[in-house]
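Below is one structure, written out as structure tokens; comments come after it.
The values are calculated or read from the model by the stated rules, or taken from the named source; none is laboratory data. Model, not experiment: these values are computed from the prediction. All Cβ positions, glycine included, derive from the backbone under ideal geometry; neighbour counts span all protein chains shown. For accessibility, only protein heavy atoms count, side chains too; no ligands or nucleic acids. Shrake-Rupley method; radii C 1.70, N 1.55, O 1.52, S 1.80 Å.
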2 protein chains.
Amino acid sequence: MDMTEKTTSSRLVYDGRVVHLYVDGVSLPNGVASTREYIRHIGAVCVLAVNDRGEVVLERQYRYPFHKVLIEIPAGKLDTPGEDPREAALRELREETGIVPRKMELLGEYYGSPAILGERIWMFLATGFESGGARHLDEDEMLEVFTMPLDEAARAVLAGEIPDGKTQAAILRGYYRFQQQK
Amino acid sequence: MDMTEKTTSSRLVYDGRVVHLYVDGVSLPNGVASTREYIRHIGAVCVLAVNDRGEVVLERQYRYPFHKVLIEIPAGKLDTPGEDPREAALRELREETGIVPRKMELLGEYYGSPAILGERIWMFLATGFESGGARHLDEDEMLEVFTMPLDEAARAVLAGEIPDGKTQAAILRGYYRFQQQK
């Protein structure tokens, strides 16, 4: 069945630094008129970085919308809409952890909340490194970097202890991949 | 280290049907002043529903921010801020698929994009059912329901064929749980 929603109007209601909020009028396939509120976003990357000892690199970061510190894998926005996601992944990993991996593989895309958030996140697996070096964080970026054995991280995800979605998906995807290689 | 970001101002810039966009002024632990653009959301649930034949219940739904049809597990917003997530999960699963499971377990929380989206999604595992019944969709809701063996769904996630984040996380979490029970 054709599920296409046709745009009848589009209004930019807030054009922010990160968030660009639109309210579009749409015509549904059944003819019903409705509206869609959604965020346009430049796009982002996240990186499951697993070192030569089988440990995953994680970050503790304060997330204002939840007013608490969350555990997440390294991630960040593209610098420009056309930036190569692999370059962005290498940059963000280097800036946040100082790590320069020998291998950076695309695992696939991740859409965190596709009904309202048009943010496309490219998920990568970084391997072939021992430890990090110097970091270069943005002025409004404060984070603690630490490592955890990948199997322990997978247990934490399965126990419901890591609410960040991209971190749940990336850790389990990486864990399964390393299991297959054993 | 204390990572708390103190609110110095808060402005509701758009108060929509689903999206409530705020721009807050914050004071970072290092004293730097910054702003946070974020969405407040009533909260939601998603359900990994696995029938007695080991098949997961999936939906094809048009997602306007990406202008394409995505494959996702059943999900929906809370009716009220105080609604019991389990009740919401049972309602959404019944409305979208007609399924009434004998068991509905909380797997944990899922935050799809915690830097900008304050949407808290409770993730459930529904088991103990054979097939669905009558559906009751919202007027602006059009979706196709289908089933797939859980191990095939896990392979599709690992192959990067399912971009929706909650669906990636839920399928792999369910897959590991059923593997452990074998």
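What is the mean number of Cβ atoms from other protein chains located within 10 Å of the Cβ atom of each residue in peptide B:5-15, rounded to a whole number?
For this peptide, the per-residue mean of nearby foreign Cβ atoms is 2.
What is the sum of charges around B:Arg36, taking Lys and Arg as +1, Asp and Glu as -1, for the other residues whose C-beta is under 10 Å from the C-beta of B:Arg36?
-2
Return the single residue from A:Glu95, A:Glu141, A:Glu87 with maximal mean-square fluctuation; model: Gaussian network over chain A, springs between Cα atoms under 10 Å.
Comparing A:Glu95, A:Glu141, A:Glu87 in a Gaussian network model of chain A, the most mobile one is A:Glu141.
Defining the label point at 7 Å along Cα→Cβ, can you sort the distances from A:His136 to the same site in each other copy, shortest first, in nm?
For A:His136, the inter-copy label distances come out at 5.8 nm.
Under 11 Å from the Cβ of A:Leu125, count the other residues' Cβ atoms, weight Lys and Arg +1, Asp and Glu -1, and hand me the total.
Combined, the nearby Lys, Arg, Asp and Glu give +2.
Given the protein chains as shown and a 1.4 Å probe, how many square angstrom of A:Asp138 are accessible, to the nearest 10?
80
Take the residue pairs A:Lys103/B:Lys6; A:Lys77/B:Lys77; A:Lys103/A:Lys166; A:Lys77/A:Lys103; A:Lys182/B:Lys103 and return only those whose Cα atoms are more than 29 Å apart.
Over 29 Å apart, Cα to Cα: A:Lys103/B:Lys6; A:Lys182/B:Lys103.
With chain B treated as a Gaussian network of Cα nodes joined by springs under 10 Å, which of B:Val57, B:Val13, B:Val47 yields the largest mean-square fluctuation?
Most flexible of the set in this elastic network: B:Val13.
When every alpha-carbon pair in segment A:1-62 is counted, what percent end up more than 14 Å apart?
Within segment A:1-62, distances greater than 14 Å cover 71 percent of Cα pairs.
Counting only helical runs of four or more DSSP H residues, what would the 222 nm mean residue ellipticity of chain A come to if each run contributes -39,500 (n - 2.57) and the total is spread over all its residues?
Calculated from helices alone, the mean residue ellipticity at 222 nm is -7000 deg cm²/dmol.
With just the Cα atoms of segment B:44-181, tell me how far they stretch along each of the three principal axes, in Å, largest first.
Sorted from largest, the Cα extents of segment B:44-181 read 35, 31, 26 Å.
At R0 = 35 Å, how high is the FRET efficiency between A:Glu141 and B:Asp15 if r is their beta carbon distance? Nearest 0.05 is fine.
With R0 = 35 Å, the Cβ-Cβ based efficiency is 0.75.
Can you list, shortest first in nanometers, how far A:Glu87 lies from the same residue in the other copies, with each label 7 Å from Cα toward Cβ?
5.3
If I compute solvent accessible area with a 1.4 Å probe over the protein chains, what percent of it on chain B is carbon and sulfur?
Ligands and nucleic acids excluded, carbon and sulfur reach 47 percent.
Along the positive direction of the dipole of chain B (beta-carbon charges: Lys, Arg +1; Asp, Glu -1; about the Cα centre), which of B:Ser113, B:Val19, B:Val145 reaches farthest?
B:Ser113
Between segment A:115-134 and segment B:7-63, what is the separation of their alpha carbon centroids in Å?
Each part's Cα centre sits 21 Å from the other's.
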